[in-house]
Amino acid sequence: MINQKKTNFAISGQTLIETLAALFILVMGVTAATGLAIYSFNASTSINKQIVGTGLAREGVEAVKNMRDTNWLKIGNLDIDCYNYATLASDSKCYKKWLNPSGNVGYDITAKSLRLSLDPSTNNSIWTTKSGNGNWGLDFDSNMSGGSFKGFYSIPTIATGLTDGSSGFYRQIVLTEDASDNYKHAEYRRLIVESRVWWIDKRCPKSAVWPGLGKCSVSLVTNLTNWKNYQLTQ
């Protein structure tokens, strides 16, 4: 009986080393899980910003396309003395002032850098623009109730712009004219539209100017032509 009691006493319970080993494994598991959760959260935030940034860049490109089309509609009558490459004479129809209609009836999309925002007044147009060399910040209003264009990224005062803005996003629309030989004629110019968007993130500090393509920026480029040119002799 004495030997049996001693044997039972010797094999019961856990040693201090076993307890420490179990605690070590538990801590390592919790640490790994926490690290994975933090990484997933940061990655999700970065992806969300990438999606928003790409959307803002696409919006910029589509807005300039809309401005070009609006200019055509606002001009109305075609010019009938446009240059014709086929006949080498001014006997074609076109919209000569498609980049900047006279009389303030459309948009000025000649070569420059633009701040772009939805027009809060919505009286005459959807978009409002202002040329500038800085202040590219965007605000975001999450209030979807009441008012015009609530819940959009915008610039409250387009004339002065925003140095930073509440959203942490910046947008610059760069318009240049194609200087290649095929587009040197005044009535056959091609507009190169670059929509630049960049944002603040954990790995990307605040930048008031375009930082170039990187982890926290996106640039979309398209070409616009005055394709409503008619080279038929009238």
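What pairs in Lys184/Lys228; Lys65/Lys206; Lys93/Lys184; Lys74/Lys228; Lys49/Lys112; Lys65/Lys215 have C-alpha atoms more than 25 Å from each other?
Result: Lys65/Lys206; Lys49/Lys112; Lys65/Lys215 exceed 25 Å.
Of the listed peptides 47-54, 180-187, 90-97, what is their order by residue-averaged count of other C-beta atoms within 10 Å, with the highest listed first?
Ranking, from highest mean packing down: 90-97, 47-54, 180-187.
Every number in this text was worked out from the coordinates using simple rules, so none of it is lab data. Because the structure is a prediction, the values reported are computed rather than measured. Here Cβ is always computed from backbone atoms with ideal geometry, including for glycine, and neighbour counts include all displayed protein chains.
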